[in-house]
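*Asks:* Sending over a structure as C-alpha cells; questions will come in a sec.
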Amino acid sequence: MKKKWWQESVIYQVYPRSFQDSDGDGIGDLQGIISRLDYLQNLGIDAIWLSPVYKSPNDDNGYDISDYEDIMDEFGTMADMDELIQKAKEKNIKIIMDLVLNHTSDEHAWFIEAKKGKDNAYRDYYIWRDPVDGEVPNDLKSTFSGSAWQYDEDSKQYFLHLFSKKQPDLNWENPKVREAIHSMINFWIDKGVGGFRLDVIDLIGKMPDQKIKENGPKLHEYLHDMNQATFGRGDLVTVGETWGATPEIAKLYSDPKRDELSMVFQFEHISLDQEDGKEKWDLKPLAISDLKRVLSKWQVSLGDEGWNSLFWNNHDVPRIVSRWGNDQELRVESAKAFAILLHLMKGTPYIYQGEEIGMTNCPVTSIDEVEDIEAVNMYHERIEAGYSPAEIIASINAKGRDNARTPMQWDETANGGFTTGTPWLHVNPNYRTINVADSLADSNSIFYTYKKLIALRKAHPIIVWGDYELLTNTADEVFAYTRHYQGEKWLVVVNLSDKEQSFELTENVHEIVIQNKQDKEYQNGQIILEPFEAFAAIIEN
Ligand code: TEU
C-alpha cells in the first residue's frame, strides 16, 4: 500500500454549531473556529473534519443542505470559510468538508423546482412514486421515525426521505444529479480543502422499490466515477460513513486498487450495547469481550485492502467516558484508558470536540430540553406506542445525540466561554470543573494524554505501520494487545472495568511510553491493575 499522509494523521471533528461562538448569537461559527486554531495546533492534530457549514434551514443541524456552495448564515460567510482554510493551512492543518450527498434540504433550489410538477426539469433529481392502493408506496421507514414516504398534495405523489421530511433523498440513478454533485465537489477541491467525510454514503445506491437501502448494486460504480471525476485527482483524504459495513464491505470502499475512498467509519463496535435486532435506544450492557473481538477483527482484516478509522465519539453518539467509562470518580482515568487503548491501534484516529478534555453526557429530565430531531421524533413515536416518558428519557440520556452536541467547554466563565449570548443548546453544568483552561493548566489532564498520544504516533512508525495481535489469555475486562514492527514490540494493557484486575506480565519492560497511573512501575510477573488502569510499554527483545 503506497503510504499516504492521512495514514500518519490524527483528525479532529468540529461540530461548528457547538464549538465557539464569535458574535454572541449563541451559535458557533467559522470565526470562532479560526480563533481556536492555536489550541488545535497545540493539541497536535493534522486535519479538522468540519460537520456541515453550508446553507441550511437546520432541520437536522446542517445535514439538510439548501446550497452546497454557500455558507450557513449563522456560521458566517464564504470569506470566513476561505480565511479558515488559509489560516489552518498556515498551521499545517487541513480542512475536511462534510459532504451530505444522499439528500438535500427541501429548501434546496433543486427540490423547490422538482415540487413544481411532474414535468419539471428537476423532478427526477428526487425519488417520486405514485400511491399504491391509496397508501404509501411501501413500508420503508425513516431513520427519524415514521414512513420514509411524504405525500405531496400538489402532484399526488410521494417523495422518499430516509431521514426527516425536510431531507428528500436525491435520485442517484439520474446522471444529472451525479454530474451536479461532481461539479460541487470540484468547487471545494479548488478552494483548497484537504478532503471529505461522506455522510451515509452507503445509501446512495438505494433501490427503494426493492426496499434496498445500504450497499445497493450501483453504489461502487457511483463512487468510482465520483473518485475519477473529483478527489481521485489530488492527495485528498475521503472517509465514508457506512453504518452497516463489515470488513469485507469496507474493502470494497477503501481498497486503493478500486479508486473509491480512503477509509470508512464502521460502527460495529459502536452498536455493541444495542439489543440485537432492535433500535439504538434499546440498550444492553456492553460485554468487553465483544469489544475486544470486534476491534481486533477490524485491526487484522483489512490488510493492504483498506485502512481503519479509529473513533469512540462523534456528533451522533454519546460521549464514551459516560457510555462505557466512568464519568464520576474515575472520569480522568477512564477517559485516558479509552484514549490509550484506541490511539495505539492501527488506523487513523478521530478525536471529537471535547473528548480530549473528558467532556461527559448531559442528562435531561424532560423532552422540552431535547433539541435533536431524531430523539424528539422517537419520543413521540414511543409515547404513541405506550412507552412511559421516563423510560424514553432514560434512553435519550443514554444514547441521544444532544449528549455530544452541548457546547464546547472552554473555561469556567458563563456558558463555558462558548458564547456571550444564550447558547442554542444547554451547556453542561459541569463546565466549571471540566474545561479547556483547567485542562491546559494541569500537566496530568486528559488533554496531555491525547497530546502525548498524537506525539507518539508522529515519533514511532510502529504505531502507524505495526502489526496488531490481541492477547487472548487475559481477564475478560482486560484489553491487551501487542504491536510489532521491524523487530520492535510494544505492549498495550488496559483494564476497561471499574474493578481491580490481575494481569500476567510475561516479558521484560524496556520502557513505559505512556500510562494513566503516574510513575507506577511494571516488573514482569503477576500485576494488579487498578480500575481503568492503562499503560503501554516497549518490550525488550
Ligand atoms: O448519520 C447517519 C445516521 O443514520 C445517524 O443519524 C444514526 O442513525 C444515528 O444518529 C446514530 O445515533 C448521518 C449524520 O452523521 C447525522 O448527523 C445525520 O442526522 C444523518 O446522517 C442524516 O444526514
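The values are calculated or read from the model by the stated rules, or taken from the named source; none is laboratory data. Owing to the predicted nature of the structure, the values given are computational and were not obtained by experimental measurement. Cβ sites come from the backbone with ideal geometry, for glycine too, and all protein chains shown count toward neighbours. All accessible areas refer to the heavy atoms of the entire protein, side chains included, with ligands and DNA or RNA removed. Shrake-Rupley method; radii C 1.70, N 1.55, O 1.52, S 1.80 Å.
*Asks:* All but one of (1) away from the ligand (no atom under 16 Å from the Cβ); (2) more than 17 Å from T360 (Cβ to Cβ); (3) polar (S, T, N, Q) hold for S395; which doesn't?
*Replies:* (1)
*Asks:* Within the stretch 250-269, which residues are assigned to a helix (DSSP H, G or I) and crowded, with 18+ Cβ neighbours inside 10 Å?
*Replies:* Selection gives A250, K251, L252, Y253, S254.
*Asks:* Sticking with this one: How about the stretch 1-15: which of its residues are open to solvent by 20 Å² or more (accessible area, probe 1.4 Å) and either part of a helix (DSSP H, G or I) or at pLDDT 95 or above (or both)?
*Replies:* Those that are open to solvent by 20 Å² or more (accessible area, probe 1.4 Å) and either part of a helix (DSSP H, G or I) or at pLDDT 95 or above (or both): K4, W5, E8.
*Asks:* Go through the stretch 511-541 and report how many residues are surrounded by 11 or more Cβ atoms within 10 Å (Cβ to Cβ) and either without any contact (Cβ under 8 Å) to a residue 24 or more places away in the chain or under 36 Å from the mean Cα position of the chain (by Cα) (or both).
*Replies:* Going through the stretch 511-541 one residue at a time, the tally reaches 21.
*Asks:* Let me ask another. Out of A398, A441, which single residue is among the small types (G, A, S) and in contact (Cβ under 8 Å) with a residue 60 or more places away in the chain?
*Replies:* A398
*Asks:* Still on this structure, I have one more. Tell me the residue from I212, I201 that is within 22 Å of T143 (Cβ to Cβ), of a type outside the set (S, T, N, Q), surrounded by 15 or more Cβ atoms within 10 Å (Cβ to Cβ) and without any contact (Cβ under 8 Å) to a residue 12 or more places away in the chain, please.
*Replies:* On inspection, the qualifying residue turns out to be I212.
*Asks:* Right, here's the next one. As an exercise: evaluate F447 against (1) open to solvent by 70 Å² or more (accessible area, probe 1.4 Å); (2) in contact (Cβ under 8 Å) with a residue 60 or more places away in the chain and give the number of the one condition it does not meet.
*Replies:* (1) is the only condition that F447 fails.
*Asks:* Taking the stretch 300-354 as the search range and keeping residues that are among the charged types (D, E, K, R) and within 16 Å of the ligand (Cβ to nearest atom), which one is surrounded by the fewest Cβ atoms within 10 Å (Cβ to Cβ)?
*Replies:* R323
*Asks:* Still on this model: Is it the case, given these coordinates, that N361 is among the polar types (S, T, N, Q), closer than 24 Å to W243 by Cβ and surrounded by fewer than 23 Cβ atoms within 10 Å (Cβ to Cβ)?
*Replies:* Against the criterion (among the polar types (S, T, N, Q), closer than 24 Å to W243 by Cβ and surrounded by fewer than 23 Cβ atoms within 10 Å (Cβ to Cβ)), N361 qualifies.
*Asks:* Any residue in the stretch 471-479 that is open to solvent by less than 40 Å² (accessible area, probe 1.4 Å), of a type in the set (S, T, Y) and within 25 Å of the chain's Cα centre (by Cα)?
*Replies:* Within the stretch 471-479, not a single residue is open to solvent by less than 40 Å² (accessible area, probe 1.4 Å), of a type in the set (S, T, Y) and within 25 Å of the chain's Cα centre (by Cα).
*Asks:* Restricting to the stretch 216-243, what's the tally of residues that are farther than 13 Å from W172 by Cβ and in contact with a Leu (Cβ under 8 Å, 6 or more places away or on another chain)?
*Replies:* Selection size over the stretch 216-243: 5.
*Asks:* So T246 ticks every box in (1) more than 16 Å from the ligand (Cβ to nearest atom); (2) free of Cβ contacts under 8 Å to residues at least 12 places away in the same chain but one. Which box is left unticked?
*Replies:* (2)
*Asks:* Tell me yes or no: at least one residue of the stretch 472-486 is hydroxyl-bearing (S, T, Y) and touching a Gly at 6+ places or on another chain (Cβ under 7 Å).
*Replies:* So far as the stretch 472-486 goes, yes, one or more of its residues are hydroxyl-bearing (S, T, Y) and touching a Gly at 6+ places or on another chain (Cβ under 7 Å).
*Asks:* Please enumerate the residues belonging to the stretch 128-142 that are open to solvent by less than 70 Å² (accessible area, probe 1.4 Å) and either of a type in the set (F, W, Y) or within 16 Å of the ligand (Cβ to nearest atom) (or both).
*Replies:* W128, L140, S142
*Asks:* May I pose another question? Name the residues in the stretch 221-249 that are within 16 Å of I96 (Cα to Cα) and part of a loop (DSSP other than H, G, I, E, B), would you?
*Replies:* The answer is T230, G234, D235, L236.
*Asks:* Filter the stretch 169-193 for residues that are charged (D, E, K, R) and open to solvent by 20 Å² or more (accessible area, probe 1.4 Å) and give the result.
*Replies:* E173, K176, R178, E179, D190, K191 - these are the residues of the stretch 169-193 that are charged (D, E, K, R) and open to solvent by 20 Å² or more (accessible area, probe 1.4 Å).
*Asks:* For a quick check of your reading of the model, give me the residue pairs whose first member lies in the stretch 26-52 and is under 13 Å from L84 (Cα atoms), whose second is part of a loop (DSSP other than H, G, I, E, B) and basic (K, R), with beta-carbon atoms closer than 6 Å and at least 6 apart or on different chains.
*Replies:* So the pair list comes out as L37/K91.
*Asks:* Still on this structure, please answer the following. With respect to D154, is the statement that it is out of contact with any helix residue (DSSP H, G or I) (no Cβ under 8 Å at 6 or more places or on another chain), among the acidic types (D, E) and not in a loop (DSSP other than H, G, I, E, B) true?
*Replies:* Answer is no for this residue.
*Asks:* Here are some conditions: (1) touching a strand residue (DSSP E or B) at 6+ places or on another chain (Cβ under 8 Å); (2) farther than 24 Å from D316 by Cα. D38 meets all but one. Which one does it not meet?
*Replies:* (1)
*Asks:* Give me a count of the residues in the stretch 168-206 that are part of a helix (DSSP H, G or I) and closer than 17 Å to F265 by Cβ.
*Replies:* Selection size over the stretch 168-206: 3.
*Asks:* Quickly run through the stretch 105-148 and pick out the residues that are without any contact (Cβ under 8 Å) to a residue 12 or more places away in the chain and at positive phi.
*Replies:* Of everything in the stretch 105-148, those that are without any contact (Cβ under 8 Å) to a residue 12 or more places away in the chain and at positive phi turn out to be D133, G134.
*Asks:* Something else about it: Please go through the stretch 157-167 and pick out each residue that is open to solvent by 10 Å² or more (accessible area, probe 1.4 Å) and either at pLDDT below 95 or assigned to a loop (DSSP other than H, G, I, E, B) (or both).
*Replies:* Listed by number, the residues that qualify are F163, K165, K166.
*Asks:* If you don't mind, another one. Consider E371 against the criteria (1) open to solvent by less than 40 Å² (accessible area, probe 1.4 Å); (2) touching an Asp or Glu at 6+ places or on another chain (Cβ under 7 Å); (3) touching a residue at least 40 places away in the same chain (Cβ under 8 Å): it satisfies all of them except one. Which criterion is unmet?
*Replies:* Of (1) open to solvent by less than 40 Å² (accessible area, probe 1.4 Å); (2) touching an Asp or Glu at 6+ places or on another chain (Cβ under 7 Å); (3) touching a residue at least 40 places away in the same chain (Cβ under 8 Å), only one is false for E371: (1).
*Asks:* Would you confirm, using the coordinates I've provided, whether W410 is within 16 Å of the ligand (Cβ to nearest atom) and of a type in the set (F, W, Y)?
*Replies:* no
*Asks:* Another question, if that's okay. Sort out for me the strands (runs of 3 or more DSSP E) sitting completely within the stretch 16-122 that have 2 or more residues that are open to solvent by 10 Å² or more (accessible area, probe 1.4 Å) and either under 20 Å from D190 (Cβ atoms) or modelled with pLDDT of 95 or more (or both).
*Replies:* In the stretch 16-122, 67-71 are the strands (runs of 3 or more DSSP E) which contain 2 or more residues that are open to solvent by 10 Å² or more (accessible area, probe 1.4 Å) and either under 20 Å from D190 (Cβ atoms) or modelled with pLDDT of 95 or more (or both).
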